[in-house]
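The values are calculated or read from the model by the stated rules, or taken from the named source; none is laboratory data. Note that the coordinates shown come from a computational prediction; the quantities given were computed from them, not determined experimentally. As a convention, Cβ positions derive from the backbone with ideal geometry for all residues, glycine included, and neighbour counts pool all protein chains shown.
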Amino acid sequence: MLSKLYSGAARAEPATAFGIVLWKNIGYLIDDDRRAALLAEFATRVGANPAAIAAAPRGTLMDIAMRAGMRPQDRVEKWREIASLALEHANGDLDATLRKLPAAKAAALLKAFPGIAQPGADEIMLFTGLEVRPAIDSNGLRTMLRLGLCKEGASYSASYKAAIEALQSQPKANRAWFERAFRVLRQHGQTLCKRTAPKCTACPLETDCPRLLLKGSY
Ligand code: SF4
């Protein structure tokens with residue numbers, strides 16, 4: 001049902017691993033439209049590659065960071081750290097380097113970048129085709145928990161692990177299925193199954209949602 005509801009859900013994120021790392025670090029607590037606009041400006045004025053970022057004047061970076069959420073100076077440092085890591089560990093071409101590595105080492109390299117923990121690494125590995133593996137973001141995880149599709153753990157990482165295992169156990173799961181699951185669960189969490197005040201009366205899953213039995217738990 002969610003697949004039909006969000007059948008037109010396009011992915012706004014870039015298609016490359018380096019692009020997704022930048023996307024996740026381009027701003028703080030900003031929506032996807034703002035993130036896309038800032039990344040486009042960044043690509044035009046600075047260049048979305050490690051060498052260009054490393055050579056960019058601090059003033060240019062700060063000018064963009066001032067419109068990218070709180071603590072702009074932290075943004076600038078993260079952008080420079082991303083460039084430095086990509087130059088040092090990937091000779092300036094993160095995607096080419098990742099493609100040459102075994103999956104576990106590729107994921108470990110991704111997790112060296114700011115803002116990329118296991119969920120981010122899984123997402124990048126899946127959407128760049130580095131490995132067919134399930135991935136879920138915080139919006140999707142919240143949706144899965146509320147729908148009873150996985151059990152809540154004692155920590156975020158335990159809940160995330162349970163969600164990944166639930167997705168992995170789907171018999172027909174392949175790359176396209178994992179990508180679609182990521183997109184629709186995320187979009188449902190962003191639009192209806194919001195963190196605070198979910199819009200249950202507008203949700204097509206309302207009658208079957210276990211949250212109705214547990215009202216007040218979220
Ligand atoms: S009924 Fe409410 S809690 Fe359940 S999936 Fe829909 S929005 Fe989320």
Qualifying positions in segment 189-203 - more than 8 Å from the ligand (Cβ to nearest atom) and not in a helix (DSSP H, G or I):
Arg195, Thr196, Ala197
Just checking, how many residues over segment 52-78 are surrounded by fewer than 13 Cβ atoms within 10 Å (Cβ to Cβ) and either among the aliphatic types (A, V, I, L, M) or outside any loop (DSSP other than H, G, I, E, B) (or both)?
6
Residues of segment 184-218 satisfying the condition of being surrounded by fewer than 11 Cβ atoms within 10 Å (Cβ to Cβ) and modelled with pLDDT of 90 or more:
Thr196, Ala197, Thr201, Ala202
So how many residues does segment 94-116 have that are over 25 Å from Ser138 (Cβ atoms) and without any contact (Cβ under 8 Å) to a residue 24 or more places away in the chain?
6
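Condition check ((1) farther than 17 Å from Gly92 by Cβ; (2) among the aliphatic types (A, V, I, L, M)) across all residues:
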residue	(1), (2)
Ala43	no, yes
Ala51	no, yes
Leu61	yes, yes
Gln73	yes, no
Val76	yes, yes
Find the residue count for segment 146-176, including only residues that are free of Cβ contacts under 8 Å to residues at least 40 places away in the same chain and either part of a loop (DSSP other than H, G, I, E, B) or within 16 Å of the ligand (Cβ to nearest atom) (or both).
15
Segment 1-32, residues that are assigned to a helix (DSSP H, G or I), touching a residue at least 12 places away in the same chain (Cβ under 8 Å) and either touching a helix residue (DSSP H, G or I) at 6+ places or on another chain (Cβ under 6 Å) or not small (Gly, Ala, Ser) (or both)
Leu2, Ser3, Leu5, Ala17, Phe18, Ile20, Val21, Leu22, Trp23, Lys24, Asn25, Asp32
Given Arg186, Arg180, which one is touching a Ser or Thr at 6+ places or on another chain (Cβ under 7 Å), of a type in the set (D, E, K, R), closer than 17 Å to Ala10 by Cβ and part of a helix (DSSP H, G or I)?
Arg180
Among the residues of segment 165-175, the number that are surrounded by fewer than 20 Cβ atoms within 10 Å (Cβ to Cβ) and at pLDDT 95 or above is 6
Complete set of residues in segment 102-125 that are over 18 Å from Ser157 (Cβ atoms) and outside any loop (DSSP other than H, G, I, E, B)
Ala103, Lys105, Ala106, Leu109
